[in-house]
Amino acid sequence: MSVVEQARRATGCLDFAITADLVDADRINIFERWESRAAVEAFRGSGPTDEQSAAILAASVAEYDAAEVRSLI
């Protein structure tokens, strides 16, 4: 089972996607949306495996708190 499928089945996961970057072939984008910090921490557990860590050349992680959400459709 892929990490995307695992995440989407995890308690508290609202959205999870891993996509190729359309401009930079050496880049992937990971988007995660969770109900709570506790939910994402429970899913991540102890973090990436040694093999996954070795494959990561660089990373930038940011957390955002959304006070309000409006549908644009």
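The values are calculated or read from the model by the stated rules, or taken from the named source; none is laboratory data. Please read all numbers here as calculations on a predicted model, not as lab measurements. So basically every Cβ, Gly included, is an ideal-geometry build from the backbone, and we count neighbours across all protein chains shown. Keep in mind that these areas ignore ligands, DNA and RNA; they rest on the heavy atoms of the full protein, side chains included. Shrake-Rupley method; radii C 1.70, N 1.55, O 1.52, S 1.80 Å.
What to note about this one:
- Of all the residues in the stretch 39-62, those that are open to solvent by 70 Å² or more (accessible area, probe 1.4 Å) and either over 11 Å from the mean Cα position of the chain (by Cα) or in contact (Cβ under 8 Å) with a residue 60 or more places away in the chain (or both) number 15.
- Annotation: of all residues in the stretch 27-38 being of a type outside the set (A, V, I, L, M, F, W, C) and open to solvent by less than 90 Å² (accessible area, probe 1.4 Å), the one that is nearest to residue 8 (Cα to Cα) is 32.
Okay, residues lined up against (1) of a type in the set (Val, Ile, Thr); (2) out of contact with any helix residue (DSSP H, G or I) (no Cβ under 9 Å at 6 or more places or on another chain):
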{"position": "13", "(1), (2)": "no, no"}
{"position": "24", "(1), (2)": "no, yes"}
{"position": "31", "(1), (2)": "no, yes"}
{"position": "41", "(1), (2)": "no, yes"}
{"position": "50", "(1), (2)": "no, yes"}
{"position": "61", "(1), (2)": "yes, yes"}
{"position": "68", "(1), (2)": "no, yes"}
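- Filter result (farther than 24 Å from residue 69 by Cα, open to solvent by less than 90 Å² (accessible area, probe 1.4 Å) and among the small types (Gly, Ala, Ser)) within the stretch 9-26: 20
- Cβ-Cβ distances below 6 Å connect the following pairs, each with a first residue in the stretch 11-23 that is under 15 Å from residue 42 (Cα atoms) and aliphatic (A, V, I, L, M), a second residue that is in a strand (DSSP E or B) and open to solvent by 80 Å² or more (accessible area, probe 1.4 Å), and a separation of six or more residues or different chains: 14/33.
- Elements of type helices (runs of 4 or more DSSP H) contained in the chain, each with 3 or more residues being at pLDDT 90 or above: 3-9, 37-44
- Across the stretch 48-73, the number of residues qualifying as closer than 20 Å to residue 24 by Cβ and among the charged types (D, E, K, R) comes to 0.
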